[in-house]
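The values are calculated or read from the model by the stated rules, or taken from the named source; none is laboratory data. In this text, all values refer to a predicted model and were calculated from it rather than measured experimentally. A quick note on method: Cβ atoms are made from the backbone with ideal geometry, for glycine too, and the neighbour counts reach across all protein chains shown. Protein only, heavy atoms only, side chains kept; ligands, DNA and RNA dropped before computing areas. Shrake-Rupley method; radii C 1.70, N 1.55, O 1.52, S 1.80 Å.
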Amino acid sequence: MTDGIEKTQILQKYLDLDQKGRIIAEYVWVDGTGNLRSKGRTLKTKITSVDQLPEWNFDGSSTNQAPGHDSDVYLKPVAFYPDPFRRGDNIVVLAECYNNDGTPNKFNHRHEAAKLFKAHDGEDIWFGLEQEYTLFDRYDNVYGWPKGGFPAPQGPYYCGVGTGKVHARDVIEAHYRACLYSGIEITGINAEVMPSQWEFQVGPCTGIEMGDQLWMARYFLHRVAEEFGVKISFHPKPLKGDWNGAGCHTNVSTRNMRLEGGMKYIEEAIERLSKRHDEHIKLYGADNEQRLTGRHETASMTTFSSGVANRGASIRIPRSVAKEGYGYFEDRRPASNIDPYLVTGIICETICGAIENADMSKEYERELQ
């Protein structure tokens, strides 16, 4: 590497070498701090089913997931994707974390969310997530901003075009293509209101697949950014002052909401959400109080609100949905750093009903222990 940039042209001649029938599987998991970890292993044959993937393990004492005297944490594969970096038959594997007694690791929120989605399979619940993030250089300065200063106030940057209005479009384009190559349901990208803040959208995905795909899209973003010497921040308020924060707006619909007359079911869901506002906020991202102030296109954290086409409300009903009488709603409260399993899980639990032995708010409490 030179100045934090990988020498990808030199690397390419090694990537082109014959792997002699072996494939590389990069196992990815969520650690105890809400960040991603990964490590690779060689497999002897091409993988066509997740059942063919072996379980693995790692040192959980180095990832805040286990004590040093009992540090083995097990990786159980749940999904795999074509590897956009190594290409060929190589794959990236998403894995859940389990303790050595067979119980889910306390930071494994996928396990409980999957039970909820399975129980409410008949609802055919769809999600779409709008992931905002901010770019920093390797010295932790906002990428492309004047050294020791600030750019002009917000206004020309949202969906901007041209030098001085957007930064690092090469990173964003590379990430877009990596996601498409790997089969991620990425539906779009755009520059956001604060300069060097961007957004990508994933979905619609059904049930647990939403969390899987967002975590994998985040992994690809970090890996792409490595090659450009750029850091990715998912902090909901990366810069204090009169700058927009970063969210992960969550679009939701059940089968009934998508059918004619679905507005009735949308309104019922919003009513249920209003009664569990505080419980949802607990699961909607760390430091979210810095973002949900009632300013910068957000609702206040302390009150619940809803409205048609209102970007200052907790829940927004798109104008087109109100006009047609069916469709989806948008929960604008989740922060950019959410665990998507917690957010999609509690939304399912609230609008579709709780089930025995699955409580998403307890998942959060367990994480804090």
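Of note:
- Residues being outside any helix (DSSP H, G or I) and under 21 Å from Ile91 (Cβ atoms) - total across segment 177-216: 7
- Complete set of residues in segment 14-72 that are polar (S, T, N, Q) and part of a loop (DSSP other than H, G, I, E, B): Gln19, Thr33, Asn35, Thr45, Thr48, Ser49, Thr63, Asn64, Gln65, Ser71
- Checked against the criterion of being within 30 Å of Asp124 (Cβ to Cβ) and in a helix (DSSP H, G or I), segment 158-176 has at least one qualifying residue.
- Among the candidates Leu259, Leu283, Leu273, Leu214, residue that is open to solvent by 10 Å² or more (accessible area, probe 1.4 Å), within 24 Å of Leu116 (Cα to Cα), touching a residue at least 60 places away in the same chain (Cβ under 8 Å) and of a type in the set (A, V, I, L, M, F, W, C): Leu259
- Taking residues in segment 142-163 that are touching a residue at least 24 places away in the same chain (Cβ under 8 Å), and partners anywhere that are open to solvent by 60 Å² or more (accessible area, probe 1.4 Å) and of a type outside the set (A, V, I, L, M), the pairs with Cβ atoms closer than 7 Å and at least 6 places apart or on different chains are Tyr157/Lys165.
- Condition check for Tyr219: at pLDDT 95 or above, in a loop (DSSP other than H, G, I, E, B) and crowded, with 18+ Cβ neighbours inside 10 Å: no
- Residues of segment 112-135 that are in a strand (DSSP E or B) and open to solvent by 30 Å² or more (accessible area, probe 1.4 Å): Trp126, Glu130.
- Output for segment 136-167, where each listed residue is open to solvent by 60 Å² or more (accessible area, probe 1.4 Å), farther than 30 Å from Ser253 by Cα and aromatic (Phe, Trp, Tyr): Tyr139, Tyr143, Phe150
- Check on Ile338, in the same structural domain as Asn251 (by the TED database), in a helix (DSSP H, G or I) and either surrounded by 22 or more Cβ atoms within 10 Å (Cβ to Cβ) or not polar (S, T, N, Q) (or both): no
- Residues of segment 100-111 that turn out to be under 14 Å from Val30 (Cα atoms) and surrounded by fewer than 21 Cβ atoms within 10 Å (Cβ to Cβ), as a count: 3
- A search for C-beta distances below 7 Å between a residue of segment 30-59 that is in the same structural domain as Asn100 (by the TED database) and closer than 25 Å to Gln19 by Cβ and any residue that is open to solvent by less than 40 Å² (accessible area, probe 1.4 Å) and among the polar types (S, T, N, Q), counting only pairs 6+ apart in sequence or on different chains, returns Arg37/Thr63.
- Whichever residue in segment 318-335 is more than 22 Å from the chain's Cα centre (by Cα) and hydrophobic (A, V, I, L, M, F, W, C) and, among such residues, is surrounded by the fewest Cβ atoms within 10 Å (Cβ to Cβ): Ala322
- Restricting segment 286-310 to residues that are polar (S, T, N, Q) and in contact (Cβ under 8 Å) with a residue 40 or more places away in the chain leaves a set whose member that is most open to solvent (accessible area, probe 1.4 Å) is Gln290.
- Some residue of segment 350-358 being touching a residue at least 40 places away in the same chain (Cβ under 8 Å), outside any helix (DSSP H, G or I), open to solvent by 20 Å² or more (accessible area, probe 1.4 Å) and in contact with a strand residue (DSSP E or B) (Cβ under 6 Å, 6 or more places away or on another chain): no
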